[in-house]
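A quick write-up on the structure given underneath.
Values in this text are rule-based calculations from the coordinates and carry no lab data. It should be emphasised that the depicted structure is a prediction, and the values quoted were computed from it without experimental measurement. Virtual Cβ from ideal backbone geometry, glycine too; neighbours counted across all protein chains shown.
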Amino acid sequence: MAQYRDRSLVAGLLAAMAIAGAAPVAAQDRGLSYTLYGTPGLIDMPSALAAPDGEIATTLGFFRGHRRGTFTFQVTPRLSGSFRYASVDEYTLPGEPAPRDGFVYFDRSFDLRYQIRDEGGIWPAISVGLQDFLGTGQYSSEYIVATKALNDSLRVTAGLGWGRMGSQGGFDNPLGALSSYFDTRPALNFGEGGRISTDQFFRGDAAFFGGVEYAVNERLTLKAEYSSDAYSRESELGLIDVRSPLNYGLTWRPRPGYQIGLSYLYGSEIALSGTVILNPNQRPFPGGLEPPPPPVAVRAADVRAAQSWDMGQQGQLQARLSAALAEEGVTLSGLAVTDRTIRLRYTNTRYRAEAQAMGRIARILTRELPPAIETITLEPMQRGMAMSSVTLTRSDIERLENQAGGSAEMLARAQITDAAGAPALTPVAPVASPLSWGIAPYLALYVFDGDKPLNYDAGFVVTGQYTFSPNLIASGRLRQSLVGTDDPGSVAPSNLPPVRRNIGRYVVEGNPGIENLTLAYYARPGRDLYSRVTVGLLEPMFGGVSAELLWKPVGANYGIGVEVNQVVQRDFDMLLGFQDYQTTTGHASVYYDFRNGFHGQVDVGRYLAGDWGATVALDRAFANGWRIGGYVTLTDVPFEDFGEGSFDKGIRLSIPFDYVLGQPSRREISNTLTSLTRDGGARLVVDGRLYETVRDGHLNDLSDGWGRFWR
Amino acid sequence: MSAMVKGVVAAAMLATLAGCGDQFQGGLLLPLASRAVPSLTGGGNGVQPTLQPGFTPQEMAADLESYMIIGVPTLGPPIPVRRIMDNGTAETWLAQVGFTAAFVDGMLVATRGLGSDLMAANTGAVRRALAAGGGTAQRAMDVMDDQDRITTLQFECEIVATGTETIDLGLRQVATRTFEENCASAKAIFTNLYWLDSAGEIVQSRQLVSPTVAYLRSNRL
């Protein structure tokens with residue numbers, strides 16, 4: 001075997017590692033750990049540290065009788081938000097009667113934190129936070145906190161807390177110097193929860209808290225803190241014995257992304273916590289594991305000058321292309337060729353980024369096309385709708401394949417326009433069978449019972465799809481539950497029609513159940529316009545007709561859509577029958593891509609229960625397909641009628657398969673964490689909504705994924 | 001055709017199969033499991049086995065010019081690769097385990113299928129400096145980050161002749177002149193190594209792919 005010289009290998013490797021630009025672990029990042037509340041901090045008290053941008057930390061914290069599950073997302077480098085689901089045995093809110101034996105109190109809470117300044121020079125990091133500022137306020141506190149690393153191993157934190165964090169060793173609010181408004185904190189008006197308790201913020205007694213963290217090594221951190229939370233209500237109910245405000249703990253990181261915490265709380269309790277950290281900015285498989293693309297074939301100079309070719313060969317060309325594209329998971333459905341040009345319409349079924357499919361198609365074309373063809377127009381479709389028209393020159397493809405900066409130049413030279421109104425193409429019969437089906441296991445978690453908040457259901461689903469033509473698609477999904485609850489639970493009734501609150505009955509009685517069974521027709525009625533009509537059993541609880549029209553120019557950051565649905569409520573058995581309730585529901589929607597990683601959407605219209613209102617949603621959308629966001633729906637249903645939570649709100653998360661697996665895939669895992677499923681502000685669920693379908697092929701998303709063009 | 005080459009090639013192929021074959025045929029679970037336990041897949045960095053014809057010792061012996069040996073640390077021992085495209089400028093070589101490497105006049109300009117690939121590189125000035133016996137040159141390398149963004153890294157490089165060495169390419173002993181290419185940017189440094197034969201061809205090299213994949217070693221047969 002070849003002899004290699006190794007003398008500088010190690011040095012070279014070490015040097016090469018630095019290329020990633022990974023900053024050395026800064027003192028303040030070292031050993032960032034999470035509290036029992038799932039926020040960056042000490043043990044029960046927060047610190048001023050911010051997690052790396054985009055980081056998602058899921059923390060479970062336990063001590064006797066208390067359970068807290070928290071999902072914390074670093075929304076921007078300075079802003080983070082937390083959603084918490086907690087339960088406390090035999091707890092009731094202050095002012096309420098003592099609980100009966102065996103009662104378990106469940107609550108959801110939201111936090112926001114903002115890092116006012118990062119650590120630097122003599123300055124500590126400083127953050128301000130609102131804990132449990134929405135909801136029933138069990139954990140409601142405000143704080144301002146500073147954290148400073150004294151050296152690589154030692155970090156100190158000191159803060160001032162209000163509300164719950166001002167209950168131990170509290171003193172008169174220093175803000176009282178500004179106004180007597182701050183002197184007293186009014187009693188919480190819990191109502192149905194869900195309202196922002198601005199009348200509480202930074203009012204009443206304040207107290208100091210603080211602590212130290214000592215990093216023994218990269219894996220182990222020891223902590224001690226002075227807590228300003230007296231656990232007053234818990235002590236009153238005899239749920240905890242607070243003997244000391246001092247807490248001691250350790251955090252162990254067995255491997256990056258995992259933390260285990262153990263602590264001794266308030267002189268009487270042992271607490272345990274575990275955190276799993278994910279960061280969309282760090283792929284488990286950098287780049288991806290897809291097989292390499294075929295190399296570009298470059299025409300020799302003499303054949304490049306050809307002006308025409310034997311068009312009689314068109315049939316063979318079409319067959320060869322169809323087969324070669326199918327190898328890349330691309331279904332060719334039409335093409336038009338001339339002496340010097342080719343235009344193709346196709347559906348990419350494999351690659352998340354349409355740009356990657358385009359690059360692969362471009363490479364194949366350089367190998368298959370007669371030399372005279374110089375201009376290549378690619379028209380990607382999804383659900384039969386051509387989303388854009390991207391024109392490339394073959395000479396650019398030949399020239400830029402291995403050129404540094406070739407990806408950006410390719411994008412700059414591509415002409416991206418609307419595909420509507422283009423002349424007809426020669427249809428190409430699909431290679432794949434029009435029928436596809438699958439069977440897969442599922443596990444679902446439901447929140448449909450105010451007293452027993454979490455139910456699960458597991459079994460399998462059978463899905464089937466028949467494609468009559470690329471834009472006329474029949475599809476269905478049948479669910480068979482194998483294990484799960486047989487108690488449909490109960491959600492307190494309201495004055496509204498029961499459009500969603502019987503979800504438990506659908507889950508229990510609809511077994512087997514048809515989740516959906518629809519026929520959908522998609523079209524391009526004109527320039528910048530997209531349309532959809534779907535009929536059938538649209539979703540588990542409603543069937544009927546859904547029609548949608550979207551206006552979305554290819555290069556625009558915005559789109560406007562209208563959707564109208566006439567629906568009838570389905571029977572609980574989730575078969576073909578219907579109940580009496582029927583309604584017209586629909587929305588006008590505005591979509592906006594802020595081009596800084598954030599996407600906004602506002603839907604205004606009539607909801608399933610006949611209530612009128614609007615939903616505002618904001619998502620952080622990562623170029624690699626991750627989406628994390630939240631939404632709020634406010635309708636004309638009074639908070640008292642809505643019931644617990646006052647209005648519908650939730651956070652949602654979508655993770656692309658290719659991130660998790662490394663292999664190319666267009667699928668994603670999506671989930672929404674929401675308040676109790678209630679009837680106000682409930683929206684119809686229907687597959688194939690246009691904006692999300694179409695935007696993959698539009699300028700912004702093509703640009704975001706363009707780094708994959710040459711992959 | 002010497003029996004030794006057949007032996008080298010066959011051993012390399014066996015090592016390849018043992019080290020990386022069937023890597024992800026476990027479907028969806030294995031890649032996930034391998035994240036937790038890197039040793040499950042031999043620490044391999046993601047190549048799919050696409051068993052291609054064209055790698056039997058007989059085929060290799062019949063057309064040695066179309067093969068060379070490439071080694072990447074994440075894939076284990078060096079393995080044979082076959083030229084699948086010659087564009088006149090760039091030559092692309094395919095490994096049986098399913099990655100490709102493209103060279104322009106012996107200089108590595110791109111890889112695919114290694115995960116954290118070299119997306120593209122401009123190496124013309126470095127190649128001219130090698131031909132001239134040394135000098136300084138700039139090189140540019142495209143890398144892709146975890147958000148699908150391509151960054152072009154610019155390096156200032158110094159090409160230094162380091163002496164002569166007779167090397168064993170497996171089939172033949174070749175007298176070579178040796179060179180180091182020391183490159184630096186504000187954030188990183190690395191060193192590529194080259195062995196040039198009497199005709200000025202790069203017959204053996206060690207060139208940087210990316211920080212994760214590190215160096216790719218190549219030698220002609």
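Under a point spin-label approximation (7 Å from Cα along Cα-to-Cβ), what is the A:Leu575-A:Thr198 distance to one decimal in nm?
Result for the modelled spin labels: 5.4 nm.
Test of understanding: extend the Cα→C-beta vector of B:Glu158 to 7 Å, then name every residue of segment B:109-147 with backbone N under 17 Å from that spot.
Label zone hits: B:126, B:129-130, B:133-139.
Find how much the distance from A:Arg67 to A:Val632 grows on full extension, using 0.36 nm per residue of separation minus their present alpha carbon separation; answer in nm with one decimal. List each step's numbers first, then the result.
Numbers: separation 565, 0.36 × 565 = 203.40 nm, distance 2.63 nm.
Using 0.36 nm per residue and subtracting the Cα-Cα distance, I get 200.8 nm.
Hey, what number do you get for chain A at 222 nm if only DSSP H runs of n ≥ 4 count, each worth -39500 (n - 2.57), divided across all residues, to the nearest 500? The partial results should precede the final answer.
Values: 12 runs with 89 residues, N = 711.
Counting only the DSSP helices, I get -3000 deg cm²/dmol.
Bin width 10 Å, origin at 0, all Cα-Cα pairs of chain A: what percent of pairs per bin?
Per 10 Å bin, starting at zero, the Cα-Cα P(r) for chain A comes out as 3, 12, 20, 22, 19, 14, 7, 3, 1, 0 percent.
Identify the residues of segment A:518-545 with backbone N under 20 Å of a label point that sits 7 angstrom from the Cα of A:Ala336 along the Cα-to-Cβ direction, or state none.
Those under the cut-off are A:523-530.
Please compute, for peptide B:99-107, the average count of beta-carbon atoms on other protein chains lying within 10 Å of each residue's beta-carbon.
2
Just to verify a number: FRET efficiency for B:Arg172 and B:Ile84, C-beta to C-beta distance, R0 = 25 Å, to 0.05?
The value I calculate is 0.55.
What is the sum of charges around A:Pro380, taking Lys and Arg as +1, Asp and Glu as -1, for the other residues whose C-beta is under 10 Å from the C-beta of A:Pro380?
So the environment of A:Pro380 carries a net charge of -2.
Could I have the simple spin-label model distance between A:Asp241 and A:Ile669, label points 7 Å from Cα toward Cβ, reported in nm to one decimal?
Going by the 7 Å Cα→Cβ label model, 4.2 nm.
Using a 7 Å offset from the Cα along the Cα-to-Cβ direction at both A:Phe460 and A:Thr349, what is the distance between the two label points in nm, to one decimal?
Label at A:Phe460, label at A:Thr349, 2.2 nm between them.
Highest mean first, how do A:407-420, A:315-328 rank when packing is the count of other Cβ atoms within 10 Å averaged over residues?
A:407-420, A:315-328
Around A:Arg64, under 12 Å between beta carbons, what's the net of Lys plus Arg minus Asp minus Glu among the other residues?
Summing Lys/Arg as +1 and Asp/Glu as -1 gives -4.
In straight Cα distance, which aspartates and glutamates are under 18 Å from A:Lys649, not counting same-chain residues fewer than 8 positions off?
Result set, ordered by chain and number: A:Asp107, A:Asp111, A:Asp132, A:Glu192, A:Asp449, A:Asp603, A:Asp611, A:Asp619, A:Asp636, A:Glu640, A:Asp641, A:Asp679.
Tell me, B:Tyr67, A:Tyr558 in order of fewest to most beta-carbon neighbours within 10 Å?
On the way: B:Tyr67 20, A:Tyr558 12.
With the sparsest Cβ surroundings first, the list reads A:Tyr558, B:Tyr67.
Once fully extended, how much extra length lies between A:Val564 and A:Ile116, figured as 0.36 nm per residue of separation less the alpha-carbon to alpha-carbon distance?
Result: 156.8 nm gained on full extension.
Under 13 Å from a point 7 Å along the Cα-to-Cβ line of A:Ala444: which residues of segment A:622-657 have their amide N that close?
Correct set: none at all.
What size of dipole, in debye to the nearest 20, comes out for segment A:435-701 about its Cα centre when the only charges are +1 on Lys and Arg C-beta atoms and -1 on Asp and Glu C-beta atoms? Write out the running numbers ahead of the final one.
On the way: 23 positive and 30 negative charges, 178 e Å.
For this selection, approximately 860 debye.
Of the GluC sites (Glu not before Pro) in segment A:211-260, which ones lie in a loop per DSSP and count no more than 14 other C-beta atoms within 10 Å?
Listed in order of number, the matching sites are A:Glu218.
Just subtract the alpha-carbon distance of A:Asp172 and A:Thr584 from 0.36 nm times their residue separation and send over the number in nm, one decimal.
Full-extension gain reported as 142.7 nm.
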